[in-house]
Amino acid sequence: MDKVATIDEYHRLFPDVREELDLMRRLIREEAPMAEERISYGMPTFRSGQNFVHYAACKTHIGFYPTPSAIVAFQSELSGYKSSKGAIQFPFDQPLPEELIRKIVRFRVAEVLEKKGKKPLQK
């Protein structure tokens, strides 16, 4: 894969699934408007003082990497997806679970803010 510097460049590498990648980005941005976007570990990453979620285009799915704590917290809601200690697979042949992604991002934002000693923003 070509080395990229921005999320826009990353998305352009995957024209067949760009719409899904754009949706993933939009969901994260809407729930974490303060987040800084960057490429880290070769994939789109969102951070606010520290990385809190990553995602990547894979052959058959979007890999979503919200840290092990989020996967444990949402274990029952993730039962329909392949997941591991730090990753969730959202297959391209299914719609992205938008509300679940939003909840996971809000959870991670709250964790990061708690570590900083701040209260999460209420929606």
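The table that follows gives values for the structure above.
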quantity	calculated
Pick from the stretch 75-119, criterion at pLDDT 95 or above, out of contact with any helix residue (DSSP H, G or I) (no Cβ under 7 Å at 6 or more places or on another chain) and among the charged types (D, E, K, R), ranking: surrounded by the most Cβ atoms within 10 Å (Cβ to Cβ)	Lys103
Subset of the stretch 19-39 [within 23 Å of Leu100 (Cβ to Cβ) and in contact with a strand residue (DSSP E or B) (Cβ under 9 Å, 6 or more places away or on another chain)]	Glu20, Leu21, Met24, Arg25, Ile28, Arg29, Ala32, Ala35, Glu37
Cβ-Cβ under 6 Å pairs, at least 6 apart or on other chains, the stretch 26-45 side under 11 Å from Tyr10 (Cα atoms), far side β-branched (Val, Ile, Thr)	Arg38/Thr45; Ile39/Val4; Pro44/Ile7
Qualifying helices (runs of 4 or more DSSP H) (wholly inside the stretch 1-74; at least 3 residues being in contact with a Ser or Thr (Cβ under 9 Å, 6 or more places away or on another chain) and crowded, with 17+ Cβ neighbours inside 10 Å)	none
Selection within the stretch 72-95 - hydrophobic (A, V, I, L, M, F, W, C) and either under 18 Å from Thr60 (Cα atoms) or touching a strand residue (DSSP E or B) at 6+ places or on another chain (Cβ under 6 Å) (or both)	Leu78, Ala87, Ile88, Phe90, Phe92
Hits in the stretch 81-95 (condition: over 14 Å from the mean Cα position of the chain (by Cα) and among the polar types (S, T, N, Q))	Ser84, Gln94
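The values are calculated or read from the model by the stated rules, or taken from the named source; none is laboratory data. Computed from a predicted model, the values in this text were never measured in an experiment. No Cβ is skipped: glycine too gets one built from the backbone with ideal geometry, and neighbour counts run over all protein chains shown.
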